[in-house]
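Here the structure comes first, spelled out in structure tokens, and everything after it is commentary.
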Amino acid sequence: MLNRNSVFAVAAISTLAAVALAPTGASAMRGGFDGGWMVQITTLRGTCSSGVGFGVEVRGGVVYAAGGLDVHGNVAGNGATRVSIAAGNQSASGSGRLSGNSGAGTWRGVGSQGTCSGSWSASRR
């Protein structure tokens, strides 16, 4: 379960994720990346939690997450992924690419313990 201190780690898109202002509507791929994804976060700079894993759902090219997090994200037809996530006064954003059954990218965030950044990886569930 995610806590507020790990919300930055989640950013990726977070995920995908991230985690999102990629093209939407007709330009978003409908179904190519839809389904459940497991995202793993690594913090490379800062004091945010690392090694956090969580699930997201992509439906119609739009990224959704559970747990009371404010997530906005899209996956374009070519797999380009952008996600933003917020919880309270903490927020983060991430970008990357999905391809087939996996994906990867980077994220950065700001919160109660300062700024953090890192990488994310994702795989289909």
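The values are calculated or read from the model by the stated rules, or taken from the named source; none is laboratory data. Just so it is clear, the model here is predicted, and its values are computed rather than measured. Heads up, the Cβs are rebuilt from the backbone with ideal geometry, glycines too, and the neighbour counts pull from every protein chain shown. For the accessible areas, the whole protein counts, side chains as well, though only heavy atoms, and no ligand, DNA or RNA atoms are used. Shrake-Rupley method; radii C 1.70, N 1.55, O 1.52, S 1.80 Å.
A few remarks follow.
- Restricting region 103-114 to residues that are over 17 Å from Gly51 (Cα atoms) and outside any loop (DSSP other than H, G, I, E, B) leaves a set whose member that is modelled with the lowest pLDDT is Gly111.
- Within region 86-99, considering residues that are of a type in the set (A, V, I, L, M, F, W, C) and out of contact with any helix residue (DSSP H, G or I) (no Cβ under 7 Å at 6 or more places or on another chain), the one surrounded by the most Cβ atoms within 10 Å (Cβ to Cβ): Leu98
- Search result, residues across region 59-93 that are of a type in the set (Lys, Arg) and under 20 Å from Thr43 (Cα atoms): Arg82
- Positions within region 64-85 being at pLDDT below 90, open to solvent by less than 40 Å² (accessible area, probe 1.4 Å) and either among the charged types (D, E, K, R) or part of a strand (DSSP E or B) (or both), in sequence order: Val71, Ile85
- Selection count where residues are touching a Lys or Arg at 6+ places or on another chain (Cβ under 7 Å) and either open to solvent by 50 Å² or more (accessible area, probe 1.4 Å) or modelled with pLDDT under 85 (or both), scope region 35-54: 1
- Filtered residues of region 66-105 (kept if under 9 Å from the mean Cα position of the chain (by Cα) and polar (S, T, N, Q)): Thr81, Ser84, Ser93, Ser95
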